[in-house]
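Have a look at the structure below, then the notes.
The values are calculated or read from the model by the stated rules, or taken from the named source; none is laboratory data. This one's a predicted model, so the numbers in the text were calculated from it and none came from an experiment. Cβ placement follows ideal geometry from the backbone for every residue including glycine, while neighbour counts extend to all protein chains displayed. SASA here: full protein model, heavy atoms, side chains in, ligands and nucleic acids out. Shrake-Rupley method; radii C 1.70, N 1.55, O 1.52, S 1.80 Å.
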Amino acid sequence: MIEHKGTQQLQTMRLQLRRFIMADAPQVYRNWAKDPDVSKFLTWEPHRSEKDAEAFLRSLDYQKNHVYEWAIVLKETGSVIGSISVVKIDENAKIAALGYCIGKAYWNQGYMSEAVREVTAYLFRLGFHRIEIDNAEKNPASGAVAKKCGFTYEGKSRAGFFRHGEYLDICHWARLREDL
């Protein structure tokens, strides 16, 4: 059985993973959500203004124990640099799927791998059996995060996602609790 506890604060060496607050809206917008390069292979369009970031933050219902949406915060500066969330849950199979994004200024510094490792361990402690990550094949950096975090490549779906006028193939990754 999954013991849902929702978005609890987590820590890594360099990061604090916490619930978003409304005061984060300017940084969400400025640090990643307005950048078309960040959302290029994701399911949402770049934010047009801070109001879009505010609407996103208002949509988060942290009162529900099955909502898992973390702000990724640099401990050193307090800057909100990205997000990581559970985008899908299969209660019966005890599967959670992760989605994540981070500002371009923070790419290739190991921050997302740090966040994925910590969230994955947390979800396993709650009773999830399998954690999944999907990435567009044209976004190999996202797949590299999964691989670096011990996820196994399971194959790809042809034309699994329509984005900006083209169908994108989706790579599938998974990690099982017993693989720890």
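Could you pull out every residue, at least 5 positions away or on a different chain, whose amide H is within less than 5 Å of the one on H66? Hs are placed 1.01 Å off N in the peptide plane, and Pro or chain starts have none.
none
How big is the charge dipole of the range 1-153 about its Cα centre, in debye rounded to the nearest 20, if each Lys and Arg gets +1 on its Cβ and each Asp and Glu gets -1 on its Cβ? Display every interim value, and only then the final one.
Details: 21 positive and 18 negative charges, 52 e Å.
Around 240 debye, computed over the range 1-153.
Can you list the aspartates and glutamates whose alpha carbon sits under 19 Å from that of K94, skipping same-chain ones fewer than 8 residues off?
Partners within reach: E3, E69, E118, E132, D134, E154, E178, D179.
Hey, any idea what % of the chain's accessible area is carbon plus sulfur with a 1.4 Å probe?
Numbers: 4770 of 9530 Å².
So the carbon and sulfur contribution to the accessible surface is 50 percent.
For the pairs K40/K138; K5/K34; K5/K75; K75/K104, note any where the Cα-Cα span goes beyond 21 Å. Each step should come with its number before you reach the end.
Numbers: K40/K138 10 Å; K5/K34 31 Å; K5/K75 23 Å; K75/K104 18 Å.
Among K40/K138; K5/K34; K5/K75; K75/K104, the Cα-Cα distance tops 21 Å for K5/K34; K5/K75.
Quick one: compute the contact order of the chain, relative version, from alpha carbon pairs under 8 angstrom and 6+ residues apart, as a percent.
Values: 335 pairs, mean separation 36.0, N = 180.
Relative contact order, the chain: 20 percent.
How do L60, L180 rank by accessible surface area computed with a 1.4 Å probe, from largest to smallest?
L180, L60
Given a Förster distance of 41 angstrom, what is the FRET efficiency for K75 paired with K156, based on the Cβ-Cβ distance and rounded to 0.05? Don't skip to the answer; put the middle values down first.
Working: r = 36 Å, r/R0 = 0.87.
Taking R0 as 41 Å, the efficiency between K75 and K156 is 0.70.
Given a 1.4 Å probe and the protein chains all in place, what does the accessible area of K88 round to, in Å² to the nearest 10?
Accessible surface of K88 is approximately 130 Å².
Put +1 on the Cβ of each Lys and Arg and -1 on the Cβ of each Asp and Glu in the chain; which of A33, A144, Q9 then has its Cα farthest toward the positive end of the dipole?
Q9
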